[in-house]
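The values are calculated or read from the model by the stated rules, or taken from the named source; none is laboratory data. Owing to the predicted nature of the structure, the values given are computational and were not obtained by experimental measurement. Here the Cβ is made from the backbone with ideal geometry for all residues, glycine too, and neighbour counts use every protein chain on show.
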Amino acid sequence: MTENGFHLAQVNIARMLAPLEDDLMYGFVSKLDEINKLADESPGFVWRLQTEEGNATYLRPYDDERIIVNMSVWESIEHLKQFVYRTQHASVMRQRAEWFSKFEGAFIALWWIPVGHIPTVNEAKERLEYLRTHGESPYAFSFKKTHSASEAIQFNTSTLTAAVQCK
């Protein structure tokens, strides 16, 4: 159930209240394998960022060592919403204040990618920064105002055309 040959990529970041090894983070760390397995087995799941440990919590793509990153690819917005809000993942999200500080601005970004493309961490960081700087658009958006793959194609084409005309 892809949209016009596109999948949905997502990144979300969180700032931990303590290092992963700290007792404060135990409730979060103890649920990682269960939630990752749930994602892997969910309808519409395509891919997720992970290290040899099976998760991405030890990657540190930001200067702030307390920021962790999560990335995944889904067949559709509906599949991702189902996983995020209607599975055991939702109960973990309700507890996030126990483990993570509140972010100012965007901490999740969604964008459309061609089927078969695996997004990089730098690509994800760029989309998240774009969302923070420019707000919701077909280039980078959140669940608050979703966009279709067709809108993303149109937006990217018109943006590229405008950039070429400025040169």
Quiz item: Of the residues that sit in the range 94-106 and are modelled with pLDDT under 95 and in a loop (DSSP other than H, G, I, E, B), which one is farthest from Ser142 (Cα to Cα)?
Solution: Gln95
Quiz item: Scanning for something out of contact with any Pro (no Cβ under 9 Å at 6 or more places or on another chain), free of Cβ contacts under 8 Å to residues at least 12 places away in the same chain and surrounded by fewer than 12 Cβ atoms within 10 Å (Cβ to Cβ), does the range 64-75 turn up at least one residue?
Solution: no
Quiz item: Quick one: which of Ile35, Ile13 is touching a residue at least 40 places away in the same chain (Cβ under 8 Å) and farther than 20 Å from Arg86 by Cα?
Solution: Ile13
Quiz item: Is it the case that some residue within the range 113-121 is within 21 Å of Pro19 (Cβ to Cβ) and in contact with a Ser or Thr (Cβ under 8 Å, 6 or more places away or on another chain)?
Solution: no
Practice problem: Report, by residue number, each residue of the range 76-104 that is closer than 16 Å to Met16 by Cα and either without any contact (Cβ under 8 Å) to a residue 40 or more places away in the chain or surrounded by fewer than 17 Cβ atoms within 10 Å (Cβ to Cβ) (or both). | Solution: Met93, Arg94, Gln95, Arg96, Ala97, Glu98, Ser101, Lys102, Phe103, Glu104
Quiz item: Looking at the range 124-141, which of its residues are in contact (Cβ under 8 Å) with a residue 12 or more places away in the chain and within 22 Å of Leu59 (Cβ to Cβ)?
Solution: Ala124, Lys125, Arg127, Leu128, Tyr130, Leu131, Arg132, Ala140
Exercise. Give the range 16-33 a look and list any residue that's farther than 28 Å from Glu129 by Cβ and in a helix (DSSP H, G or I), or say none.
Key: Asp23, Leu24, Tyr26, Gly27, Asp33
Quiz prompt | Residues of the range 110-122 satisfying the condition of being in contact (Cβ under 8 Å) with a residue 24 or more places away in the chain and either in a helix (DSSP H, G or I) or more than 14 Å from Ser148 (Cα to Cα) (or both) | solution = Val115, His117, Ile118, Pro119, Val121, Asn122
Exercise. Just name the residue that is modelled with the lowest pLDDT out of those in the range 134-155 that are under 16 Å from Ala124 (Cα atoms) and part of a helix (DSSP H, G or I).
Key: Ala152
Exercise. Run down Glu52, Glu78 and say which single residue is farther than 18 Å from Tyr139 by Cβ and either assigned to a loop (DSSP other than H, G, I, E, B) or among the polar types (S, T, N, Q) (or both).
Key: Glu52
Quiz item: Out of curiosity, is Glu3 touching a strand residue (DSSP E or B) at 6+ places or on another chain (Cβ under 9 Å), of a type in the set (D, E, K, R) and either at pLDDT below 95 or within 14 Å of Val84 (Cα to Cα) (or both)?
Solution: yes
Quiz item: From the set of residues in the range 1-48 that are touching a Pro at 6+ places or on another chain (Cβ under 8 Å) and over 19 Å from Val69 (Cβ atoms), which is surrounded by the most Cβ atoms within 10 Å (Cβ to Cβ)?
Solution: Phe6
Quiz item: Among the residues of the range 2-15, is any among the small types (Gly, Ala, Ser) and in a helix (DSSP H, G or I)?
Solution: no
